[in-house]
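Presented below is the structure to which this report refers.
The values are calculated or read from the model by the stated rules, or taken from the named source; none is laboratory data. Because the structure is predicted, anything quoted here is derived from the model rather than measured. Virtual Cβ from ideal backbone geometry, glycine too; neighbours counted across all protein chains shown.
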Amino acid sequence: MSKLIQVKIKRIKYGGDSVGDDIKLEAVCLDKFFSFSKQLKCGSETDLDIDIGTFFSDNKTFNLPLELKIIEQDLIFNDVGNKSLNLKIDLSTNVKKTEICKIEVQELHNFISKNKAIFDITIVIEVTDTILFIDYSGDGWIKVLDKESGRKISLPCYLKVQLKNHDNDRQYFKILEGGYKNKLASIKFKKNNQSYLLGKNPQINQASIIYSISKKIVQFNNKIYKVTDYPDNPWNEGVYDIEIPDAPHESGRYYSKAKLAKTWFRIGHSGERYFHPGTRSLGCITLTEIEKWDELCKILLKSRKGDGISVGTLKIVD
């Protein structure tokens, strides 16, 4: 499985002797260059949260060459110290690793060695999965921010996404399936800094449902559910795809017996005919045993046909 490796500089600590306070940090992480300047006095430190490299790898380990340079900037002659690192990162598990790199900066005046400063550079390397899944929520939906439009959109739980980046507040990802496939979006972390995205794959094999027009029943996983349809808009016998839910359907808010009542599944890939809970139908297949909707819906939400758009199939018989 592909992994995301994110490298950040979190802190600079200035110890030893004073060599001045006009400090510049330069970093080269693979092909990425970073520069940061700050007034910093000896005996002090500053917290940072600066991303100096984001990388992807399918290997078991990742070798990360890193060049760091501290410059105390003077009008005539800069005092410079540098360090070369080659960090070997284990990608077999997700981990957050901290490295402290010490860089000595020797002050020179007329080529005579004087004070020596020691800078501690704190580097944090975080390894995470890139393929993640929307966590389950009470009503089956999570609101995320669409990057292109800047508006909030709703995604169904268990939807597959690819993590692209993250910072202290948000995770940024590409949607890999469903109606918003290939769109870029982001979501805030929870208040306890936990993620709405799951690393463990909750998805299961496709669902196969049979609907009998004459008996007005649906058969699924050896269970029978009572349904209704609309005689003036009859169904034709055949096999239809059942889509991943597209958006919350507000008509479901009236059915308090089902927490997932706003989660509907479109039948086929066009039109407005859905499988959903309710008391009547205007062309959809409507599960009238509303209290049984959640148990069935939770399975369908996890099910996948493998085409990136469907949870399974519906076979319609007489």
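The table below lists the values:
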| item | result |
| --- | --- |
| Residue check, Asp232 under 20 Å from Gly178 (Cβ atoms) and either out of contact with any helix residue (DSSP H, G or I) (no Cβ under 7 Å at 6 or more places or on another chain) or outside any helix (DSSP H, G or I) (or both) | no |
| First in the stretch 45-63 and farther than 20 Å from Asp90 by Cα, second anywhere and loosely packed, with under 12 Cβ neighbours inside 10 Å, Cβ under 7 Å, 6 or more apart | Asp49/Asn168 |
| Unmet criterion (only one of (1) closer than 14 Å to Gly179 by Cα; (2) assigned to a loop (DSSP other than H, G, I, E, B)) for Val311 | (2) |
| Counted residues, the stretch 219-234 - those being modelled with pLDDT of 95 or more, of a type in the set (Phe, Trp, Tyr) and more than 17 Å from Arg304 (Cβ to Cβ) | 1 |
| Unique residue being part of a loop (DSSP other than H, G, I, E, B), hydroxyl-bearing (Ser, Thr, Tyr) and surrounded by fewer than 17 Cβ atoms within 10 Å (Cβ to Cβ) when the list is Ser251, Ser256 | Ser256 |
| Cβ-Cβ under 8 Å pairs, at least 6 apart or on other chains, the stretch 262-289 side at positive phi and touching a residue at least 40 places away in the same chain (Cβ under 8 Å), far side buried (at least 16 other Cβ atoms within 10 Å of the Cβ) and of a type in the set (Asp, Glu) | Gly283/Asp229 |
| Of all residues making up the stretch 278-305, the number that are outside any helix (DSSP H, G or I) and either buried (at least 22 other Cβ atoms within 10 Å of the Cβ) or at pLDDT 95 or above (or both) | 10 |
| Among the residues listed as Asp120, Asp90, Asp79, the single one being modelled with pLDDT of 95 or more and among the acidic types (Asp, Glu) | Asp120 |
| Residue match in the stretch 184-205 (condition: surrounded by 15 or more Cβ atoms within 10 Å (Cβ to Cβ), of a type in the set (Val, Ile, Thr) and part of a loop (DSSP other than H, G, I, E, B)) | no |
